[in-house]
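Step one of this worksheet: look at the structure below.
The values are calculated or read from the model by the stated rules, or taken from the named source; none is laboratory data. None of these values were measured; they are calculated from a predicted model. FYI the Cβ positions are ideal-geometry reconstructions off the backbone, even for glycines, and counts take in every protein chain you see.
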Amino acid sequence: MASDPLAQRVASYIDRNHPKFGSLLLKLRWGGLRTIEPTPALGAATLSAGTGAALGVRRALLAGTGGRLRLPLVLAAPGGAAAAWLALWRWDSLRWRRRHVALVLDLTPPAAQDLVAHLAAKGLTVEPWTGPRAAGGAAQGISCRARDLRRVNAAIDELSRETSAATS
């Protein structure tokens, strides 16, 4: 979603020079949305809905306890806005995970980076993927959109045929 050239350069630098740090950042994505364009209108709607919900909870808490239990306005408004943003972020994260597939490949990190670069040169949208290391299992791979999976597999097969023909 980052259309800013500076953000793209920073992301490319991190991917090239610090892939494990980049993988950690991709897992976190604090506040970042992957499937929704973060426009000012979306931010205003989310923050106002969260603030409104928090003020409603504050009012219900006051009425329900007869005024004995109070939630300070200073905590309710920002807390509700933050809770709404976290809910949107979590929903977006789950939505993104449903739409992406991780292909676990038995490759070294440089080979995985080369594969990602090759597939990107063919016009496919892929990202490097680093998973939890299992005993005897691979932890490197690529992540792609589920709808691009067949094209990615075909491109990998074509690349393996090219490399096997070149070595023969």
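Okay, here's what the table says:
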| read-out | value |
| --- | --- |
| Out of Pro78, Pro38, Pro132, sole residue that is surrounded by 13 or more Cβ atoms within 10 Å (Cβ to Cβ) and assigned to a loop (DSSP other than H, G, I, E, B) | Pro38 |
| Test: residue in region 54-62 that is of a type in the set (Lys, Arg), outside the structural domain of Trp85 (by TED's automatic domain parsing) and touching a residue at least 12 places away in the same chain (Cβ under 8 Å) | no |
| Residue under evaluation Pro109, criteria (1) crowded, with 17+ Cβ neighbours inside 10 Å; (2) in contact with a Pro (Cβ under 7 Å, 6 or more places away or on another chain), criterion not met | (1) |
| Test for Leu71: is it assigned by TED's automatic domain parsing to the domain that holds Arg151 and of a type outside the set (Val, Ile, Thr) | no |
| Test for Ala154: is it at pLDDT 85 or above, within 19 Å of Phe21 (Cβ to Cβ) and in a helix (DSSP H, G or I) | no |
